[in-house]
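Here's the structure we're looking at; comments come further down.
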Amino acid sequence: MSNQLILGVVSDVPVGTARQFDVDGDLIVVVNTTEGMFALEDRCSHSDVALSEGDVDGCLIECWLHGSAFDVRTGIPTSLPAITPVKTYSVSTDVTDPNSPILITKGTN
Ligand code: FES
């Protein structure tokens, strides 16, 4: 079963940045890229640190602790030491409208 949640609005997450949202204790990082907005579990699969504290480079977010990069479109790590994907969430929004709500769907994968 899935449910949809609103995590702020587009202007809360400028292009090229990531922001953490706490959804009833589940930490989710929303990443805004030139290819759109994406949402992932905000926890590196290598250890328990927040990906939202890392740098965004295109469609990659780099873990600040050991440097693994994750593709925000898929959650798949593209460099070691992480080898396990992180959970992703579908995002629906209008990135051209700063006031558009960021809608995510939980429980889909
Ligand atoms: S904790 Fe993220 S790469 Fe090690």
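The values are calculated or read from the model by the stated rules, or taken from the named source; none is laboratory data. Computed from a predicted structure; not experimentally measured. Don't worry about glycine lacking a Cβ; one is built from the backbone with ideal geometry, like all the others, and counts go over all protein chains shown.
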Open item on the list: Take the conditions within 13 Å of the ligand (Cβ to nearest atom), touching a strand residue (DSSP E or B) at 6+ places or on another chain (Cβ under 8 Å) and closer than 17 Å to Gly16 by Cβ and apply them to Ile83. Does it pass?
Closed with: no
- [ ] Determine, yes or no, whether Phe38 is within 13 Å of the ligand (Cβ to nearest atom) and of a type in the set (Phe, Trp, Tyr).
- [x] no
TODO: Take segment 9-35 and flag every residue that is at pLDDT below 95 and of a type in the set (Gly, Ala, Ser).
DONE: Gly25
Open item on the list: What pairs come out if I take residues in segment 15-32 that are under 13 Å from Val72 (Cα atoms) and of a type in the set (S, T, N, Q) and pair them with residues that are surrounded by 14 or more Cβ atoms within 10 Å (Cβ to Cβ) and at pLDDT below 95 whose C-beta lies under 9 Å away, six or more apart or interchain?
Closed with: Asn32/Val95
Task: Which listed residue is β-branched (Val, Ile, Thr), touching a residue at least 40 places away in the same chain (Cβ under 8 Å) and either touching a His at 6+ places or on another chain (Cβ under 9 Å) or over 18 Å from Asp94 (Cβ atoms) (or both), from Val9, Val56 - done: Val56
TODO: Tell me which residues, restricted to segment 41-69, are in contact with an Asp or Glu (Cβ under 8 Å, 6 or more places away or on another chain), farther than 21 Å from Ile6 by Cα and near the ligand (Cβ under 10 Å from one of its atoms).
DONE: Gly54, Glu62, Trp64, Ser68, Ala69
Task: Condition met for Ile6 (assigned to a strand (DSSP E or B), away from the ligand (no atom under 16 Å from the Cβ) and not basic (Lys, Arg)) - done: yes
TODO: Give just the number: which of (1) surrounded by fewer than 16 Cβ atoms within 10 Å (Cβ to Cβ); (2) within 12 Å of the ligand (Cβ to nearest atom) does Arg73 not satisfy?
DONE: (2)
